[in-house]
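Peer 1: One structure follows; several queries about it will come next.
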């Protein structure tokens with residue numbers, strides 16, 4: 001084991017990576033504002049949520065270091081997202097077929 | 001090195017476990033806001049037209065400025081951790097203050113946004129709001145509950161970040177022991193993450 005045995009993570013994210021992620025996040029924000037200014041009916045919601053999910057992925061992976069985290073935390077995050085997706089789907093099935 | 005290793009053993013530290021604990025707390029937060037998102041989604045599908053009409057009342061500029069402010073602050077706190085890990089303590093502290101400043105700007109912006117709504121007499125329980133249609137009342141109720149709970153998290157995040165900065169200054173958090181800053185940063189990113197979904201849902205998708 002290295003001397004950093006006790007440190008939470010040995011990975012150090014470079015400033016450059018963080019800056020690039022910010023630029024992409026800002027660009028995606030303006031893209032969402034642009035997309036939703038057109039009337040694409042239901043597509044507006046789908047596109048805006050799709051972009052938001054991608055932004056969330058970037059924040060989780062790079063800002064929250066999930067990309068360099070151990071497998072346990074990655075699996076747990078995946079399970080929570082799956083749980084939330086299931087709650088949404090099951091509730092919608094209930095409402096749509098009532 | 002031997003001496004350092006012994007010091008660590010005496011401390012009974014487990015940074016991995018601290019971080020796992022923080023993640024577990026974040027999961028509860030995700031499900032807390034998740035519940036509100038679910039309520040929003042269901043009522044939106046039931047009161048589609050009313051939600052559309054009500055959401056036109058919101059000012060996209062306020063929302064967009066706050067999104068930019070939060071994204072910048074999120075990068076600043078991630079950089080503060082990088083700086084601390086690289087032993088640049090001064091820079092790390094400055095970046096934390098930048099993050100706290102962004103949080104403050106966010107809250108000031110929110111104050112003006114809510115203030116404008118209050119001036120138009122749109123607030124929970126107002127006479128005007130109670131005369132509106134059921135869907136409108138639900139939309140503004142959810143708007144105040146969701147942005148209010150989020151603003152509460154911004155306030156708590158500010159306090160946590162200031163505590164982290166004080167602890168770095170006092171030498172309690174340092175390049176060999178930075179899990180406190182790491183966990184505080186995780187909390188701040190969560191605040192950003194929630195806003196990433198709140199902004200399009202409340203302000204953009206009309």
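Peer 1: Take peptide B:172-180, look around each residue's Cβ out to 10 angstrom, count Cβ atoms belonging to other protein chains, and average those counts.
Peer 2: That works out to 2 on average.
Peer 1: For A:55, A:74, B:19, what's the fewest-to-most ordering of other Cβ within 10 Å of each Cβ?
Peer 2: A:74, B:19, A:55
Peer 1: Please work out the C-alpha center-to-center distance from the stretch B:112-171 to the stretch B:80-104 and express it in whole Å.
Peer 2: Using only Cα atoms to place each centre, the spacing works out to 26 Å.
Peer 1: Same structure, new question: If you average the sequence gap of Cα pairs under 8 Å that are 6 or more apart and divide by the length of the stretch B:121-206, what percent do you get for the contact order?
Peer 2: 25
Peer 1: May I ask for the angle, rounded to the nearest 10°, between helix B:2-11 and the longest principal axis of chain B, with both axes built from Cα atoms and the value confined to 0 to 90°?
Peer 2: Approximately 40 degrees, to the nearest ten.
Peer 1: In degrees, nearest 10, range 0 to 90: what is the angle between the Cα axis of helix B:134-169 and the longest Cα principal axis of chain B?
Peer 2: Rounded to the nearest ten degrees, it is 20.
Peer 1: Give me the log10 of I(q) over I(0) for chain B at q = 0.18 Å⁻¹, as the Debye formula computes it from C-alpha points; what are the numbers?
Peer 2: Rounded to two decimals, the profile gives -1.20.
Peer 1: Continuing with this model, one more query. Given the DSSP H assignment, sum -39500 (n - 2.57) over each helix run of at least 4 residues in chain A and divide by its residue total; what's the result at 222 nm in deg cm²/dmol, nearest 500?
Peer 2: Helices in chain A give a 222 nm mean residue ellipticity of -23500 deg cm²/dmol.
Peer 1: Only helical DSSP H runs with n ≥ 4 go in: add -39500 (n - 2.57) per run for chain B, normalise by residue count and round the 222 nm mean residue ellipticity to 500 deg cm²/dmol.
Peer 2: -28500 deg cm²/dmol
Peer 1: In 5 Å bins starting at 0, how do the alpha-carbon pair distances of the stretch A:3-69 split up by percent?
Peer 2: Spelled out bin by bin, the stretch A:3-69 gives 4, 15, 21, 17, 14, 11, 8, 5, 3, 2, 1, 0 percent.
Peer 1: Using only Cα atoms and rounding to the nearest 10 degrees, what angle (0 to 90) does helix B:179-199 make with the longest principal axis of chain B?
Peer 2: 20
Peer 1: Taking Cα pairs under 8 Å and at least six residues apart, what relative contact order does the stretch B:18-204 come out at, in percent?
Peer 2: Reported relative contact order: 34 percent.
Bear in mind that the values in this text are calculations on the coordinates, not laboratory data. As the structure is a computational prediction, the values presented were derived from the model and not from experiment. Ideal geometry is used to build each Cβ from the backbone, glycine not excepted, and the neighbour counts take in all protein chains shown.
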